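The values are calculated or read from the model by the stated rules, or taken from the named source; none is laboratory data. Treat the numbers as computed from the prediction; the structure is a model and nothing was measured. All Cβ positions, glycine included, derive from the backbone under ideal geometry; neighbour counts span all protein chains shown. We work out accessible area using only protein heavy atoms, side chains counted, and drop any ligands, DNA or RNA first. Shrake-Rupley method; radii C 1.70, N 1.55, O 1.52, S 1.80 Å.
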Amino acid sequence: MLDKDKVLEALARVNDPELHRSLTDLKMVRDVQIRGGKAEVTIALTVPNCPLKDQIESDVRVAIAALPGVEQVFVHLTAMTDEERKALFGEPKEGAAAQYNHVNRVVAVMSGKGGVGKSLVTGLLATALAREGYRVGVLDADITGPSIPMLFGLQGPVEPGPVGIRPLQSQTGIKVISMNFLLASEDQPVIWRGPLIGKAITQLWGDVMWGDLDYLLVDLPPGTSDASLTTMQSLPVNGIVMVTTPQSLAAMVVRKAVHMAQAVKIPILGVVENMAYFVCPDTGKQHFIFGPSHAGEVALTAGAPLLAQLPIAPQVAACCDAGEIESVTLAEIPALLKAFIQAMPVTERRPT
Ligand SMILES: Nc1ncnc2c1ncn2[C@@H]1O[C@H](COP(=O)(O)OP(=O)(O)OP(=O)(O)O)[C@@H](O)[C@H]1O
Ligand SMILES: [Mg+2]
């Protein structure tokens, strides 16, 4: 005979997909009514308009429908009040989201130099990984000059979740966070100095509900400043991808970044040389616009493989400007992805 306890037992086996705790444990079950074979339940979402509401509703429906004697299931959704949320999760505090996140690998994309294509490489790698079915996030650690929102065509604001802010989702499901999503206006400059920038980066890690990720790629600002150091010291970075271009200056400055990575003892997974050459559309001939490659020397200094040499491609620039990085197709990308995955350390350092 169907009764309330059986429904509650079934709901105790349904987990909130983000918080990985059961709905009963999270005190989300508000009401259960049984009339004959009809079960009617009310579930309080942790926040109004929770983006996971359809999944939660469907999981509840499936769990109850599987009980013997159930003929009809009605699911009503409501939302917790601020007080109820506080009673459950405590006062909002810094870093609270981190305990609910499961990020397997954190990879920072770095270069000593500006404008070499760090954000591009971050976006291309994220897209390639997502296409392969990996769960991917991108943390834009370029607080004062964020370009990730533009590349993915994303705009804030972000929505609060029960224990932190929710990242935005790109067209192909990549979770993205950038300081720009938290500003009142996209054009508003962030004029902070080092310590505040460092704090903002650690907050984009610990106060964001990343959920379960296979890869979190961190797009670093140019240079070897506080922001890069904070990222490497306060985030559980497993490895670094170094981006360079064929210019001698780039190679020289990138070597500084290599030494910084070595000083903080984070492995360099590989080197990507961007803008390596240009293929003339009329003749198909390769032109080395920035001169001969220095990628081999940089890779040698880094003690890491050369993952790819990417061409200067008008299609790339056009897609970046249009917020369509996920549509970029370059012949080099599959090999880049393969080399990147191979370069990942076997022993995964799990976030603390
Ligand atoms: N291989 C390429 N082909 C064509 N355009 C490119 C290529 N790489 C980069 N670009 C263009 O150059 C711009 C700058 O690249 P990107 O923002 O990735 O550099 P960055 O190193 O992240 O710069 P910053 O130091 O400012 O963060 C891109 O938006 C894109 O338009
Ligand atoms: Mg950038």
* Which percent of the accessible area of the chain is formed by carbon and sulfur heavy atoms (probe 1.4 angstrom)? -> 54
* **Solvent exposure of the chain as accessible area per residue, Å², 1.4 Å probe** => 46
* Asked: How do the peptides 284-292, 265-273 rank, highest first, by the average count of neighbouring beta carbon atoms within 10 Å per residue?
  -> 265-273, 284-292
* Asked: Contour minus end-to-end for Ser234 and Val346, with contour as 0.36 nm per residue of separation and end-to-end as the Cα-Cα distance?
  -> 38.2 nm
* Asked: Which FRET efficiency value, to the nearest 0.05, is calculated for Arg30 and Leu182 with the Förster distance at 35 angstrom and r the Cβ-Cβ distance?
  -> 0.60
* **In the stretch 48-100, the trypsin sites (Lys or Arg not before Pro) that fall in loop regions by DSSP, at most 16 other Cβ within 10 Å** => Lys93
* Tabulate in residue order the Karplus-calculated ³J(HN,Hα) for the stretch 222-239, using 6.51 cos²θ - 1.76 cosθ + 1.60 with θ = phi - 60°, rounded to whole Hz; enter x for Gly and Pro. => x, x, 10, 7, 3, 4, 5, 5, 4, 4, 6, 8, 10, 10, x, 6, 7, x
* To do: First measure r as the distance between the Cβ atoms of Asp82 and His20, then evaluate 1/(1 + (r/R0)^6) with R0 = 30 Å and state the FRET efficiency to the nearest 0.05.
  => 0.85
* Structure fact -> As a Kirkwood estimate from alpha-carbon pairs, the stretch 167-231 has a hydrodynamic radius in angstrom of 13.2
* Asked: What percent antiparallel are the DSSP beta bridges of the chain, to the nearest 5?
  -> 25
* Structure fact -> Once Arg35, Arg30 are ranked on solvent-accessible area with the largest value leading and a 1.4 Å probe, the list reads Arg35, Arg30
* Structure fact -> Diffusion coefficient in µm²/s returned for the stretch 4-89 by Stokes-Einstein, Kirkwood Rh over C-alpha pairs, 20 °C and 1.002 mPa s, is 166
* **Projected label distance in nm at Lys53 and Asp212, using a 7 Å step from Cα toward the beta-carbon** => 2.4
* Structure fact -> The rounded separation in angstrom of the Cα centers of the stretch 84-159 and the stretch 257-276 is 20
* **Rg/Rh ratio calculated on Cα atoms of the stretch 97-343 (Kirkwood radius)** => 0.95
* Asked: Number of Lys-Lys pairs in the stretch 97-343 under 28 Å by Cα, sequence gap 8 or more or different chains?
  -> 20
* Go through 117-125, 198-206 and give me the packing order, highest mean Cβ count within 10 Å leading. => 117-125, 198-206
